[in-house]
Amino acid sequence: MRVRFLPGVGPKRSEQLARLGVERVYDLLYLFPRRYIDATNVVPIGSLRSGAREVAVLGKVVSAREITGRGGRKLGFEALLEDGSGRISCSFFGRAFLSGIIRKDQRWLVFGDVRRYRGKLQLNPVEYEQADDPAGDGSKPGCVLTVYPSTEGLGQKTLRKLVGSALDAGEKLVEHLPESLRARFFLPERNEALQAVHRPRSLTEASAGRRALAFDELFYLELMLLGRKYHVGQAARVRPYKKHNHLLKKLAASLPFELTGAQKKVIREIDSDLTGPHPLSRLVQGDVGSGKTIVALIAALRAVENGYQAALMAPTEVLAGQHWRTLSRLLEPLEIEPALLLGKQGAAVKREQAARIASGEARIAVGTHALIQQGVEFRNLGLAIIDEQHRFGVNQRLSLRSKGRDTDCLVMTATPIPRSLALTLYGDLDVSVIDELPAGRKPVNTHVVPRRKRAEMERFVAGRVAAGEQAYVVCPRIEDDQQSELAAAEAVFEHYSGKVFPDRKVVLLHGRMKSGDKEAAMAAFESGEAPVLVGTTVIEVGIDVERATVIVIEGAERFGLSQLHQLRGRVGRGELESWCLFLPGAQAGADSLGRLEILASTTDGFKISEEDLRLRGPGDFFGRRQSGLPELRCADLIEDYPLLVEARECARGILSDDPYLESEPNRPLRRELIRRFHNRVGFLKVG
Ligand code: ADP
Ligand code: MG
């Protein structure tokens, strides 16, 4: 049923609700409170002290008046509340309209903070509810108030009323969780859980309801992900790889370093998939600088040794270009010349590269999304490698894979994804972790630089450059406004090239430059001809220049923690000592400085990303472009991690007996799974 059939919902209301994603009555039931206000503990007014926060009082209105300023301007409303133990003034600033609502002799429940004003205690209400119950027996106890995500013109009271009428509309929802699971985890039925979430009598009741709905969500999510994993796992490899080693031996001979133990471990894991009975679907996680590129290259050579092509896809042209140069250099002694395919290449170059890929002459292809465009054909793609996977969506991963038949798929990410997210986002992948940095790496010296010390900092950076090292300067990020971001970048560039390094070459790199200019800037920096690179976050992923020892981040408070960690990872990649310097903008508050201090105190990427996820939530964490993250309405991946693990175990238990959910008792699960995830579980319809 559409919401506009609910009492009190006209065209304007429907439009406001649509902004919250609510179109049907059902959506209203699934509009979950952002938080609760616990007004169950009503305290006597006489016991209130200045500074008390979030207290609930219940009393009778002994007087009520509008507050007017000079010239009779209405400033707000004030009510004096009495409960037998004392009296307190409740001051509703800016809400003069309440004079028509809160009246003398009524009883009200008011919730807010207490402070002293002109010598008297005053309550600043956040929430207020009339406490006279319609039956007229005089009082109702305190209650738990829901706080919904709100939008312009749609207040909490209205939302509560609307959700209330949705609950009362009496649409009984079908239960989706099997009785046995509900019994095992003490979960109320769905209808009951919804009541508890929206009309809780206590916080405990609310959280029990929420837990049941979160479990429902996580259970189906895991059923989908694991179902897919079983499905892929059942596919047989057409031809298991043999270990030929002739190319790898040559590579090892020319490699300038020894692989770390962690790299070797991950390569063994990849090898065992490649020689095993099923296709490879593996995520390699490793902190910035842990050396993922070489692992990818070794996997690619396995494919080549077995007569297949390999493709390496990166999220930016700058990174793809750099990978291509690295690979070309390492593969030269092996007489392999990788192809490079970028969106902005001229038509002729593109055609030539695509032809080398199609004919199979290029054994390895490197590129951006250009690799998955229509018209790009491989002769026999055996291994698809995706670098910085978090920048791509699931569909792009699948598209690259589908350029071959029974293609193996290796994805790499430097964003250390919290375990909980890895389990859900990549639930259909096996996970390998490179949990060791190459020997000799020193932790990056990280400092938050106060603004008054800017000149001193610039002298320091100039000193490092004078000593033959190199520096990055990252420009402030300006969300949703590319024009101002560009202007800011140019201003920062002017400053550094004109004032700080007047007699050095400084290059500028940003996303909107022409492809050729980007490459030229990058090449000048890589060769050391330009010792300083001023850039936007295009340098965030992957870039690798060993002599770069300093990274200055202007407007550092505007970046997410994980992003700052990635940026910091641009330095400290060799044996030289290195520095990461955060220069907060003028508006940075104490909160954001505190956040930056977290980074100064730890280099553990996993810890940082958990913190980041906690601060920003999964949507923002991966940015809006991340299309792979399923939407969760109720469950919270960090808070509900233990529940996620349980849900996963349940799903695994069911699928291990019946991977396609074909048995009679599992039919309803299968039906619901298809309803929720349709094309993602396409194999169920066929299977
Ligand atoms: P990331 O994991 O961030 O993608 P890269 O693959 O770019 O890291 O490697 C970072 C740097 O470390 C590169 O310069 C690479 O040559 C170097 N490197 C990789 N593995 C090792 C190793 N085992 N010993 C020393 N240096 C290594
Ligand atoms: Mg990398």
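The values are calculated or read from the model by the stated rules, or taken from the named source; none is laboratory data. All of these numbers come straight from a predicted model, not from anything done at the bench. Virtual Cβ from ideal backbone geometry, glycine too; neighbours counted across all protein chains shown. These area figures cover heavy atoms from the full protein model, side chains too; ligands, DNA and RNA do not enter into them. Shrake-Rupley method; radii C 1.70, N 1.55, O 1.52, S 1.80 Å.
Look at (1) surrounded by fewer than 19 Cβ atoms within 10 Å (Cβ to Cβ); (2) closer than 23 Å to Tyr641 by Cα and you find that Leu423 fails only one, number (1).
Among residues of region 228-251 that are more than 11 Å from Asn306 (Cβ to Cβ), those with a Cβ under 7 angstrom from a residue that is open to solvent by 50 Å² or more (accessible area, probe 1.4 Å) and in a helix (DSSP H, G or I), sequence gap 6+ or separate chain, pair up as Lys250/Pro333. Considering each residue of region 570-591 in turn, at least one proves to be within 16 Å of ligand 1 (Cβ to nearest atom), open to solvent by less than 10 Å² (accessible area, probe 1.4 Å), closer than 18 Å to Ala314 by Cβ and in contact (Cβ under 8 Å) with a residue 60 or more places away in the chain. For region 371-418, the set of residues classified as under 26 Å from the mean Cα position of the chain (by Cα), touching a residue at least 12 places away in the same chain (Cβ under 8 Å), open to solvent by 10 Å² or more (accessible area, probe 1.4 Å) and more than 16 Å from ligand 1 (Cβ to nearest atom) consists of Ile372, Val394, Asn395, Gln396, Ser399, Arg401, listed by residue number. If you scan region 78-96, which residues turn out to be on the phi > 0 side of the Ramachandran plot and either assigned to a strand (DSSP E or B) or out of contact with any helix residue (DSSP H, G or I) (no Cβ under 9 Å at 6 or more places or on another chain) (or both)? Scanning region 78-96 gives a single hit, Gly94. Only a single criterion out of (1) under 19 Å from Gly511 (Cα atoms); (2) more than 14 Å from ligand 1 (Cβ to nearest atom); (3) under 28 Å from the mean Cα position of the chain (by Cα); (4) surrounded by 16 or more Cβ atoms within 10 Å (Cβ to Cβ) is not satisfied by Leu341, namely (3).
Can you find a residue that is at pLDDT below 85, assigned to a loop (DSSP other than H, G, I, E, B), over 17 Å from Arg477 (Cβ atoms) and within 16 Å of ligand 2 (Cβ to nearest atom) anywhere in region 526-542? Within region 526-542, one or more residues are at pLDDT below 85, assigned to a loop (DSSP other than H, G, I, E, B), over 17 Å from Arg477 (Cβ atoms) and within 16 Å of ligand 2 (Cβ to nearest atom).
Listed by position, the helices (runs of 4 or more DSSP H) contained in region 633-687 that have at least 2 residues being touching a residue at least 40 places away in the same chain (Cβ under 8 Å) and among the aromatic types (Phe, Trp, Tyr) form an empty set.
Only one entry in Glu469, Glu526 is within 16 Å of ligand 1 (Cβ to nearest atom), touching a residue at least 12 places away in the same chain (Cβ under 8 Å) and within 20 Å of Glu317 (Cα to Cα), namely Glu526. Exactly one residue out of Leu280, Leu312 is touching a strand residue (DSSP E or B) at 6+ places or on another chain (Cβ under 8 Å), closer than 17 Å to Gly404 by Cβ and within 15 Å of ligand 1 (Cβ to nearest atom): that is Leu312. Among the numbered conditions (1) away from ligand 2 (no atom under 16 Å from the Cβ); (2) open to solvent by less than 20 Å² (accessible area, probe 1.4 Å), the only one that Met522 does not meet is (1).
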